[in-house]
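Read-outs: derived from the displayed coordinates by stated rules, not from any lab. What you see is a predicted model, and the numbers here were worked out from it, not measured in a lab. Backbone-built Cβ (ideal geometry, glycine too); neighbour counts: all protein chains shown.
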Amino acid sequence: MAHTFLLFFYIAGCLVAVFGYPSGLISASCDTMLPIHGKAIPQSSAAPYVITASTNTFMPGDNITVTIKSSGSQGFKGFLLEVRLMGGNGITGTFSTTNNNVRILSCNTGANKAASHTDSNLKQSVTAVWTAPQGAGPVRFTATVLQDYSTFWTGVKSDIILTSQMSNITCGTQKTCLSDPVNCSPNDSGCLFMSSSASSDGIGYVFEISGPTSGYVAIGFSYDTMMGNDDVYICTTNSSGNILVQHGYTTGTVAPQLSNSNTAGNIVTSYINGVLKCSFITQSSISTQQRSSANSSFYIFLVSGPSIASGQIEKHTKTLISTTTVDMVSISNVTVAASGSSPLVLGHGALMLIAWMTTGGIGMIMARYMKSAAGKPIFGKAIWYQTHFFLMILTVVLTIIAFIMVFAEVSGWSGDAGAHPVLGCIVMILSFFQPIAAMFRPDPKSKRRQIFNWGHRLNALVIKVLAVATIFLGLILIDTTSNNWMPKVMGGFFAWEVLFYIILEIMANLKKESVYENDSIRPETSVLIVFIAGNVAFLIALLVGIGQS
């Protein structure tokens, strides 16, 4: 009797091994999507089957009809169908059916997560209904299809299905995200957002970008944190109300060069309540045109700004840059990014403002116009000279520190900032040699003293003009406000200084021999006090602007 039972179980096991799971009860295969058919392996040729969906976009709660069908006459006996998230490849959504050819399965992730066959009859096509869950990102229908017991294909896939409603729910688990504010929802009116996930084909990506703008939002990929030689994708509007997805490359701080290649497949766009959104699929790897695209780690730029009628983008008004390089193939758990310019760059700007809006300007005025008003000696030298000497040395020291800070940040020379670094280097060199030259000035009675004085003054004037121009260009680079108020304030400061130089020059040329009481305040001193107060006011306004950048 025992031998009979053993023989029965042996025959049953052989039947399972021979016929597999003709009823489709294959929940054990949910994770691997491989049939348990002994030593049988998947076919390496192109699958003679296709998967189609009733729509290429979805909203949470939508029902999508999916069909598996044979592209020839061979048909199929079995299948396992699931919906996989792009990037993390997790199973998502639930299935239902309206016919007897499809069985709904439970997997370890929950009930109704997969669909399979109900018998081993030959089929030409089957259909099922998939319901999209809340918060699902881009998805793909994926199947294993069996022609017979030993002949089957895995990784049979539909086109990527994009969601019409972006979400940050799967950020860090199914897709890489950057946002400002941190962890904000792309459905919030003030959220600047991007997400990426690698397509399961091994090339290309699925991108989502969103931001509060009527112009454009864009993402860029770079080997450094400086703009230039970057691969960029742009979501922009034009005067007709159309939303365009463009691909291009940046060559510096100018509009990117657009590519004519077909870089996006299915595209979903919207502009609702002032929020612009684009979801799209790229058909190429990321390439900066500077290095090999074999490296998949990049700094990510996320920017927004205005666009003109044709859809051509203008200078961005908001910038978000990832704190580190991001591996675009894997999923990053880091969703935090550094907004705007780095602390070293901002510190560089602040020191340059202090040096050339206060210490440098006041020091120059002391030497030019305050000799009579501050001529009393202190430590053997006139007050005006001691003040001039101290302020100008302080100006040079601040300039040197600012110079070192910005070079430490960019780790070398970069031409992406236009003329700003060139002028900055000239200011640095001339400022450094100005006090050194002053140490070798001729004796006051020497015939060469007048030549030295004119050379010293001319060099000071050149330094001052170039410093103001350098600061003006620097403020243009870091000003992310919509009205670009910081360069305008700098223009007002320049006009303010010119006005007081004219006033003091007129006072100096009048050469009136006025008699002042010992305790009275000279007119030059009053003008200087007003000048300093105005300079400090301009300085504070720009320092606040830098802090907000």
Sum of side-chain charges, Ala128 neighbourhood, beta-carbon under 13 Å (Lys, Arg +1; Asp, Glu -1)
+3
Only counting other Cβ atoms within 10 Å, I'd like Lys464, Lys175, Lys277 sorted with the fewest neighbours first.
Lys464, Lys277, Lys175
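Based on the Kirkwood radius over alpha-carbon pairs, what value in µm²/s does the Stokes-Einstein equation return for the translational diffusion coefficient of the range 343-548 at 20 °C and 1.002 mPa s?
117
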Modelled label-to-label distance, Ala255 and Lys39, 7 Å Cα→beta-carbon offset: nm?
6.5
On a full-extension model of 0.36 nm per residue, what is the gain between Gln283 and Ile400, subtracting their alpha-carbon distance, rounded to one decimal in nm?
37.3 nm
Label-point separation in nm, Asp327 to Phe432, each point 7 Å along Cα→Cβ
4.2
In nm, the gap between the two label points placed 7 Å beyond Cα toward Cβ at Glu314 and Val498 is 2.5
When we measure straight from the Cα of Lys77, which lysines land under 23 angstrom away, once same-chain ones fewer than 8 places off are left out?
Lys39, Lys69, Lys113, Lys123, Lys157
Only counting other Cβ atoms within 10 Å, I'd like Phe298, Phe221, Phe452 sorted with the fewest neighbours first.
Phe452, Phe298, Phe221
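Compute the length gained on full extension between Thr525 and Ser106: take 0.36 nm times their separation in residues and subtract their Cα-Cα distance, giving the result in nm to one decimal.
Result: 142.1 nm gained on full extension.
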At a Cα cut-off below 20 Å, give the lysines reachable from Lys381, other chains included and same-chain residues fewer than 8 away excluded.
Lys371, Lys445
Tell me the net charge near Met86. Cut-off is 9 Å between Cβ atoms, Met86 excluded, with +1 for each Lys or Arg and -1 for each Asp or Glu.
+3
Where the centroid of each part is defined by its Cα atoms, how far is the range 347-389 from the range 28-94 in Å?
78
Per-residue Cβ neighbour rank within 10 angstrom, fewest leading, Leu510, Leu105, Leu178:
Leu510, Leu105, Leu178
Potential lengthening between Val182 and Ile506 on full extension [0.36 nm per residue; Cα-Cα distance subtracted]:
111.0 nm
